[in-house]
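See below for the structure under consideration.
Read-outs: derived from the displayed coordinates by stated rules, not from any lab. Being a predicted model, the structure only gives us computed values, none of them experimental. Glycine also receives a Cβ, built like all others from the backbone with ideal geometry; neighbour counts cover every protein chain displayed.
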């Protein structure tokens, strides 16, 4: 489960997908990402069906470049940006770069239709 660790019990928190190597036993890792508003994601995170999942937090190196909506806090990223960070943490640079390019093209196309926005 990818979610800010300050909302999880310490024993559920992991710092890297590599922390689960013993549990994974050669399986492809699965990352659960809650996509929604902060309020919606917080409610989903508290669901009993997620209570036993380890929680992976991210420490982004830069602020969000998402311009479709304004985040309440500077450290908040959109779902695609979180996915890019998680892929980097899992040492899947190829997938992270590909998703980053798709995300850039999406932003570029969206912003082209909005006179009040410029691509950052």
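So the values come out like this:
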| item | result |
| --- | --- |
| Linear extension gain, residue 61 paired with residue 76, 0.36 nm per residue minus alpha-carbon span | 4.2 nm |
| Using a Förster distance of 25 Å, the FRET efficiency for residue 43-residue 15 (Cβ separation, nearest 0.05) | 0.45 |
| Ellipsoid equivalent to region 10-49 - semi-axes via the Cα gyration tensor, in Å | 24, 12, 9 |
